[in-house]
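The values are calculated or read from the model by the stated rules, or taken from the named source; none is laboratory data. The structure presented is a predicted model; accordingly, all values stated were derived computationally and were not measured. Glycine gets a Cβ as well: all are built from the backbone with ideal geometry, and neighbour counts include every protein chain shown.
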């Protein structure tokens, strides 16, 4: 919102509308042994609830089914144990936990690490949808293709400091690799250059004419 933000604790950050999806999904992102529904509501204060009651538990089950369907979690049963899901579906549960409550900002650390191609595409689509709805996503990633595909602006870090900033047409895989390595990006081939592996059929006579 343009205001200075300096939370004093994790609780303060959550109360102020910030979420965090860790890269260590299996040990820090989900609670093993708990159901998908229980994982979605690990932080009841985020949902405006401090005390549990029978009525809120019923509402919780309804909301869990809605989130499982919206975020494409498979299988679609919110009562299954979260640690029995695939890596991609576990990550969808983590994303649903935060994006499902209208966070202002969600920090995502390596959001597609260890997931298959299909789940990766689903996660990218969910991030774009969240952005369209007004949630800012801060993606921390070592995957330059991922950054180039889903980010509007990228900051390259080296030894704890920002070493480059890329946006717009400069935000490409080649640009990110060059910025990370400290080298200038390779120039694009000229339109008149022959395609690598082919020969130029122009003859000397054509050149002279």
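Side notes on the structure shown:
- For the residues 118, 131, 45, 33, the requirement of being on the phi > 0 side of the Ramachandran plot, at pLDDT below 95 and surrounded by fewer than 18 Cβ atoms within 10 Å (Cβ to Cβ) singles out 33.
- Pair list, Cβ < 6 Å and 6+ apart or interchain, from region 59-70 residues that are within 14 Å of residue 39 (Cα to Cα) to residues that are surrounded by fewer than 18 Cβ atoms within 10 Å (Cβ to Cβ): 68/76
- When region 25-40 is filtered for residues that are under 17 Å from the mean Cα position of the chain (by Cα), in contact (Cβ under 8 Å) with a residue 40 or more places away in the chain and either assigned to a loop (DSSP other than H, G, I, E, B) or more than 16 Å from residue 88 (Cβ to Cβ) (or both), only 30 remains.
- Number of the exception - residue 97 against (1) over 26 Å from residue 17 (Cβ atoms); (2) modelled with pLDDT under 95; (3) touching a helix residue (DSSP H, G or I) at 6+ places or on another chain (Cβ under 7 Å): (1)
- Number of residues in region 151-160 that are assigned to a strand (DSSP E or B) and either in contact with a strand residue (DSSP E or B) (Cβ under 8 Å, 6 or more places away or on another chain) or at pLDDT 95 or above (or both): the value is 5.
- Yes/no for residue 171 being touching a strand residue (DSSP E or B) at 6+ places or on another chain (Cβ under 9 Å) and either crowded, with 17+ Cβ neighbours inside 10 Å or farther than 22 Å from residue 23 by Cβ (or both): yes
- Residues located in region 1-24, provided they are in contact with a helix residue (DSSP H, G or I) (Cβ under 7 Å, 6 or more places away or on another chain) and part of a loop (DSSP other than H, G, I, E, B): 7, 22
- Restricting attention to region 145-170, the residues that are within 21 Å of residue 126 (Cα to Cα) and in contact with a helix residue (DSSP H, G or I) (Cβ under 7 Å, 6 or more places away or on another chain) total 6.
- Within region 115-150, being over 15 Å from residue 98 (Cα atoms) and in contact with a strand residue (DSSP E or B) (Cβ under 6 Å, 6 or more places away or on another chain) holds for 140, 147.
- Some residue of region 85-100 being part of a loop (DSSP other than H, G, I, E, B) and surrounded by fewer than 19 Cβ atoms within 10 Å (Cβ to Cβ): yes
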